[in-house]
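Please read the structure below before turning to the comments.
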Amino acid sequence: MSGDELYAFTHGLSFSGGQERQRRCRGDAACRGQQPTRSTRIRVDAVSGEDSLSAGPGLPPNGAVAVRSLNRGQVADTMYGMRPGANYEYYLIVLSAPQGGGATWRLEELTTTTGSRSHRSIMTGVFKGCNHPYVRGARADFKTCEEAAPVRQVSFSVMQGRGESPIWVGCEVGCCTADPPT
C-alpha cells in the first residue's frame with residue numbers, strides 16, 4: 001500500500017474514546033533520569049465502532065487498524081519512538097499471528113506531507129488480551145492489564161513504578177495491550 005493509499009484509508013475512519021497523556025521522552029538530556037524535567041504528550045484514539053476487535057484468529061489478512069496516535073509534544077516518546085509534529089501520524093495495526101493462536105501488532109508511522117506521503121513500520125509486538133469483562137464502546141489509553149482490571153489489586157502501586165504503560169484498547173476480551181518487545 002502506498003503512502004497516499006494508507007492516508008486515504010485512515011482518513012476515512014472515525015476515531016473516538018481516547019486519551020491524551022504525558023509520556024517519557026527521548027532526544028533531550030532533560031528526558032532522562034529518575035526525575036526527568038521534560039516529557040512529551042501523546043494522544044491515542046480507538047477506531048469508532050470497533051469495540052470487539054479480535055485478539056486472535058479472525059482478523060483480516062492485512063490486519064485491522066485499532067488505534068491512531070499523535071505526538072502533540074516537542075520530542076519523541078521513549079516507549080514507541082513516535083515523533084512530534086503535524087506531519088506524523090501513527091497507527092496501531094492488529095494482525096493474526098503467523099503461527100495462529102493469537103495476534104500481533106505493528107505500529108506504522110505515516111508521513112502526511114502532501115506530495116510525499118509514505119509509511120514505515122517502527123515497532124512490532126504481541127497483542128495481549130487482558131481477559132476482562134467486555135465493555136461496549138471504542139476506548140484507547142495507556143494502561144497495563146493490571147491497571148485496567150475492574151478490581152485493582154493491592155500491589156498496583158508497586159507495579160506502577162516499573163515503567164510506563166503500553167497502548168491499551170478495548171477488544172473482544174475486554175481490553176488488549178500493545179506491549180513493546182522486551
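The values are calculated or read from the model by the stated rules, or taken from the named source; none is laboratory data. Remember, it's a predicted structure, so these values are computed and weren't measured experimentally. So basically every Cβ, Gly included, is an ideal-geometry build from the backbone, and we count neighbours across all protein chains shown. We work out accessible area using only protein heavy atoms, side chains counted, and drop any ligands, DNA or RNA first. Shrake-Rupley method; radii C 1.70, N 1.55, O 1.52, S 1.80 Å.
Here are some notes:
- Selection within the range 92-142: residues that are among the charged types (D, E, K, R) and open to solvent by 50 Å² or more (accessible area, probe 1.4 Å). The member of this set that is nearest to Ala64 (Cα to Cα) is Arg106.
- Residue match in the range 46-58 (condition: within 21 Å of Glu172 (Cβ to Cβ), free of Cβ contacts under 8 Å to residues at least 40 places away in the same chain, under 15 Å from the mean Cα position of the chain (by Cα) and not in a loop (DSSP other than H, G, I, E, B)): no
- Verdict on Thr104 being touching a Ser or Thr at 6+ places or on another chain (Cβ under 8 Å), on the phi < 0 side of the Ramachandran plot and without any contact (Cβ under 8 Å) to a residue 24 or more places away in the chain: yes
- The range 1-31: number of residues that are assigned to a strand (DSSP E or B) and more than 20 Å from Ala76 (Cα to Cα): 3
- Condition check for Ala64: within 16 Å of the chain's Cα centre (by Cα), at pLDDT below 95 and not β-branched (Val, Ile, Thr): yes
- Test: residue in the range 84-91 that is open to solvent by 20 Å² or more (accessible area, probe 1.4 Å) and either at positive phi or among the aromatic types (Phe, Trp, Tyr) (or both): yes
- Against the test of being touching a His at 6+ places or on another chain (Cβ under 8 Å) and either closer than 17 Å to Lys128 by Cβ or open to solvent by 40 Å² or more (accessible area, probe 1.4 Å) (or both), the options Met1, Met79 yield a single qualifying residue, Met1.
- When residues of the range 26-43 are limited to those that are out of contact with any helix residue (DSSP H, G or I) (no Cβ under 9 Å at 6 or more places or on another chain) and open to solvent by 50 Å² or more (accessible area, probe 1.4 Å), the one farthest from Phe142 (Cα to Cα): Ala29
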